[in-house]
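The values are calculated or read from the model by the stated rules, or taken from the named source; none is laboratory data. Computed from a predicted model, the values in this text were never measured in an experiment. Positions of Cβ are backbone-derived with ideal geometry, glycine not excepted, and every protein chain shown enters the neighbour counts. We work out accessible area using only protein heavy atoms, side chains counted, and drop any ligands, DNA or RNA first. Shrake-Rupley method; radii C 1.70, N 1.55, O 1.52, S 1.80 Å.
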Amino acid sequence: MTCPRRDPNRPPIHPGEILREDVLPGLGLPVSTAAKHLGVTRQALHRVMAGTAAVSPEMAVRLGKFCGNGPDVWLKMQAAHDLWHAARTVDVSAIPTMKAA
C-alpha cells in the first residue's frame, strides 16, 4: 500500500493554521485563554495563528505540551512550510554543487 503524496506545487500548511482551524475550535478555547495556558501573550499566539510568525522551538515546546503531541510535530510542520517557500525564492543558480574527492 502506498501513501498518498502531497502535491509538490502546493505549499505545506503553516502550523498556525492548524491551531486556528482545528486545535482551538476543537478545544472550544478563545485565543486569550489558549495564550494564558501556553504562557505567551495573546498577540504572540495570534501572530503564529495568522501565519505572520513562525513556530519557534520555544513555542513548539509549549504547543507540544498543550496539545499532547510533542514539540517535534510543530517544528517539522514549520520547517516544511519554511523550506517550501525558501526553495522557491532563493536563487541558487550561481552556487556550484561540490563533490567530495
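The single condition among (1) open to solvent by less than 40 Å² (accessible area, probe 1.4 Å); (2) of a type in the set (Gly, Ala, Ser); (3) touching a His at 6+ places or on another chain (Cβ under 9 Å); (4) in contact (Cβ under 8 Å) with a residue 24 or more places away in the chain that ALA34 does not meet is (3). So in region 56-65, with the set limited to residues that are open to solvent by less than 60 Å² (accessible area, probe 1.4 Å) and either assigned to a helix (DSSP H, G or I) or basic (Lys, Arg) (or both), which one is nearest to ARG20 (Cα to Cα)? Checking each candidate, the answer is LEU63. Each residue in region 38-55 was checked for being among the hydroxyl-bearing types (Ser, Thr, Tyr) and either over 18 Å from ASP82 (Cα atoms) or surrounded by 17 or more Cβ atoms within 10 Å (Cβ to Cβ) (or both), and 1 of them qualify. Each residue in region 81-92 was checked for being open to solvent by less than 100 Å² (accessible area, probe 1.4 Å), without any contact (Cβ under 8 Å) to a residue 40 or more places away in the chain and not β-branched (Val, Ile, Thr), and 3 of them qualify.
Would you check if PRO8 is modelled with pLDDT under 95 and not in a helix (DSSP H, G or I)? Here the answer is yes, as PRO8 does meet what is asked.
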